[in-house]
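> Following this message is one structure expressed as structure tokens.
Every number here is computed from the coordinates shown, using simple stated rules; none is lab data. Predicted model only: the values in this text are computed from it and were never measured. Cβ placement follows ideal geometry from the backbone for every residue including glycine, while neighbour counts extend to all protein chains displayed.
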Amino acid sequence: MIKRVRSWWGAEQNDEQPPAVSKDNIPQHVAVIMDGNGRWAKRIGMPRVIGHQNGMKAVKRTAIAADELGIKYLTMYAFSTENWTRPKEEVDFLMRLPEEFLAIELDELIEKNVQVRIMGHKEHLPSHTLAAFEEAIRRTEHNTGLILNFAVNYGSRLEITEAMKKLGREIEGGTIKAEDITPELIGKSLLSEEMPDPDLLIRTSGELRLSNFMLWQLAYSELWFTDIYWPEFNKEHLHEAVAEYQRRSRRYGGLK
Ligand code: FPP
């Protein structure tokens, strides 16, 4: 018997068939707020870090599924500038995860032509965390497939503040004039640099907020929220999000 389910936004769908994704309108850049690791672990009676460990597996699943769909950029919010306020043991664990992830997965990512990048305030990261990312960046820099961009020690308000300081210094130094500042120049001065803005933002765990993530870049992104906790996120959920994205009409404030 085919069971019909109602997803949270109310669209009725068939839970035995993956949602149909058209090859024609694949988002170029998908950004993900990976939330609910702690609650997922609690639900199964495990410590929070087990949620992060399983969240790491979901990162790999999602990267492979995104690559298969033809998504070019996948930005994952792995650690925010506010996450330092968590208990030291949890922060230490999270800062060790990239080493573990890359030690286990880097060869396969290279095989799949994935390019690893990071976006964040690198200077404050522990040296072992940065070294792991730098090695992955170096070993994948010539890859031409999916760009897997980890937002680590990332905070949008700090990013915008730093960009404003940089532009301010350039005005003081006489290399630009205040009139030269345009939305394009501000965009290029951010940590995302030349990357296109995300077309689609996914946030898991039922929370409906942006949490200081890519506030400038998400101005016209389509937002998709799911109650699923991040460690459970899989290919079908990504397809569901992309299929919903393809049903949206993007007008950028204009008329269709
Ligand atoms: C939010 O869930 C998740 C994080 C703060 C960490 C996300 C990190 C990963 C999924 C692993 C990243 C992997 C690599 C390789 C960098 P939460 O802890 O806030 O969950 P809760 O809201 O249920 O407590």
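> For the range 82-90, just list the computed ³J(HN,Hα) in residue order, Karplus coefficients 6.51, -1.76 and 1.60, θ = phi - 60°, integers in Hz, with x standing in for Gly and Pro.
Coupling constants for the range 82-90: 8, 5, 5, 6, 6, x, 3, 4, 5 Hz.
> List the residues whose amide H sits under 5 Å from the amide H of TYR154, counting only those 5 or more places along or on another chain, with H placed 1.01 Å from N in the peptide plane.
Here the answer is PHE79, SER80, THR81, HIS121, since their amide H atoms fall under 5 Å of that of TYR154.
> Using only the alpha carbons of the range 36-108, determine the length spanned along each of the three principal axes and report them from longest to shortest in whole angstroms.
Here the Cα extents, ordered largest to smallest, are 37, 26, 22 Å.
> Oh, and also: Applying the Karplus parametrisation 6.51 cos²θ - 1.76 cosθ + 1.60 with θ = phi - 60° to the phi angles of the range 170-176, what ³J(HN,Hα) value in whole Hz is obtained for each residue in order, glycine and proline being reported as x?
Per residue, the Karplus-derived 3J(HN,Hα) values read 5, 5, 4, x, x, 7, 9 Hz.
> What is the P(r) of the range 118-256, as percent of Cα-Cα pairs per 10 Å bin from 0?
Per 10 Å bin, starting at zero, the Cα-Cα P(r) for the range 118-256 comes out as 9, 30, 36, 20, 5, 0 percent.
> If amide H atoms are built 1.01 Å from N in the plane of the peptide, which residues on other chains or at least 5 residues away come under 5 Å of the amide H of MET34?
Under 5 Å from the amide H of MET34: TYR77.
> Can you give the net charge of the other residues whose Cβ lies under 12 Å from the Cβ of PHE213, counting K and R as +1 and D and E as -1?
-1
> Equivalent ellipsoid semi-axes for the range 9-156, as square roots of 5 times the alpha carbon gyration tensor eigenvalues: give them largest first, rounded to whole Å.
Square roots of five times the eigenvalues give 26, 22, 14 Å.
> Hey, another quick one. Any idea what % of Cα-Cα pairs in the range 133-214 are farther than 17 Å?
So the portion of pairs separated by more than 17 Å is 61 percent.
> If you project the alpha carbons of the chain onto the principal axes, what extent comes out on each, in Å, largest first?
Largest first, the chain extends 71, 51, 35 Å along its Cα principal axes.
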